[in-house]
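Heads up, the thing below is written out as structure tokens.
The values are calculated or read from the model by the stated rules, or taken from the named source; none is laboratory data. Just so it is clear, the model here is predicted, and its values are computed rather than measured. No Cβ is skipped: glycine too gets one built from the backbone with ideal geometry, and neighbour counts run over all protein chains shown. These accessible areas exclude ligands, DNA and RNA; they are computed on the full protein's heavy atoms, side chains included. Shrake-Rupley method; radii C 1.70, N 1.55, O 1.52, S 1.80 Å.
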Amino acid sequence: MFHPHIDTLFSYELPEDFKLTNGEYISFLDELYNGDIGKLKESFRWSNVYLWLLTTLKENNRCLYFGALAEKLHNALVSDPKPYRRDVKQMLANLLNLIEKLGMEEVVIDRPNYSQRVYLKG
């Protein structure tokens, strides 16, 4: 069985803030959203950024808080010039927002105190 391991990402591989409206172009997936949430979810499941997130969580006891995850994302980005940390935090916030919008079953996002916690189910 194939288990891809993503160590590096480019900033264009991360989602922007979008509304999931019919006819909207989702650039990081290179796909036009036609209202089929299942199709979009399956495309996202195999995106580099989602595979990176799953691998990163598995390597860190299946759980990371937002700040630690933002640092790992900043280190994984190889874009030139490297994005500012505040931009990386916004990219991560967009990613987590999309995960919640799509209802990805493997990843749970909660807020036990102030910081968001991201962990794998099971």
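Observations on the structure shown:
- Flag if Val88 is under 24 Å from Lys19 (Cβ atoms), surrounded by 16 or more Cβ atoms within 10 Å (Cβ to Cβ), out of contact with any Cys (no Cβ under 9 Å at 6 or more places or on another chain) and in contact (Cβ under 8 Å) with a residue 40 or more places away in the chain: no
- Helices (runs of 4 or more DSSP H) fully within region 17-122 counting 2 or more residues that are polar (S, T, N, Q) and farther than 19 Å from Asp7 by Cα: 85-102
- Qualifying residue in region 63-72 (condition: basic (Lys, Arg) and loosely packed, with under 14 Cβ neighbours inside 10 Å): no
- Residue ID - farthest from Asp87 (Cα to Cα), chosen from residues in region 9-26 that are open to solvent by less than 70 Å² (accessible area, probe 1.4 Å) and within 14 Å of the chain's Cα centre (by Cα): Ile26
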